[in-house]
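Working notes, beginning with the structure itself.
Here, each number is a calculation from the coordinates, and none is a lab measurement. Just so it is clear, the model here is predicted, and its values are computed rather than measured. Neighbour counts are summed over all protein chains in view; Cβ atoms, including those assigned to glycine, are modelled from backbone coordinates with ideal geometry.
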Amino acid sequence: MSDDEAPKSAYELAMERLRKQDRDAGVEERLLSEEQRAEIAAVRRSYDAKLAEREILHQSERRKAQTPEELEQLEDNYRRDRERISGDRDARVEKIRSSSRP
């Protein structure tokens with residue numbers, strides 16, 4: 001290390017190790033264009049809104065539940081809906097990442 005080079009933080013060292021592991025494993029490093037970043041941000045905002053809307057609906061349904069069985073069914077449906085929405089979001093983000101690489 002030269003005299004004018006500042007010591008690296010633990011975060012920087014960890015990121016260097018992870019990049020090296022990726023290179024050794026043959027994982028390519030892809031840089032995103034500004035357009036891709038903006039599109040990913042828009043997708044995430046949209047799906048965050050869908051998740052928030054589903055949360056509000058779920059809380060409303062929970063207040064109306066009469067039996068433990070009904071409540072359990074609502075919880076199962078809510079969990080499945082969250083997983084589906086999150087999966088859809090992740091698939092769209094991955095599609096954007098893999099399209100038209102810079």
Net charge within 12 Å of Leu71 by Cβ-Cβ distance, Lys/Arg positive one each and Asp/Glu negative one each, not counting Leu71 itself?
-3
Mind telling me which of Lys50, Lys20, Lys64 comes out most flexible in a GNM of the chain, alpha-carbon contacts under 10 Å?
Lys20
For the chain, set up a GNM with springs between Cα atoms under 10 Å and report which of Gln21, Gln59, Gln36 has the largest fluctuation.
Gln21
Go through [x] 0.96; [y] 1.08; [z] 1.21 and flag the label whose value is the computed Rg/Rh (Cα atoms, Kirkwood Rh) for this structure.
[z]
If the elastic network links every pair of Cα atoms under 10 Å, which of Ser46, Ser60, Ser86 fluctuates the most in the Gaussian network model of the chain?
Ser60
Please enumerate, by chain and number, the aspartates and glutamates with C-alpha under 15 Å from the C-alpha of Lys8, excluding those fewer than 8 residues away in the same chain.
Glu16
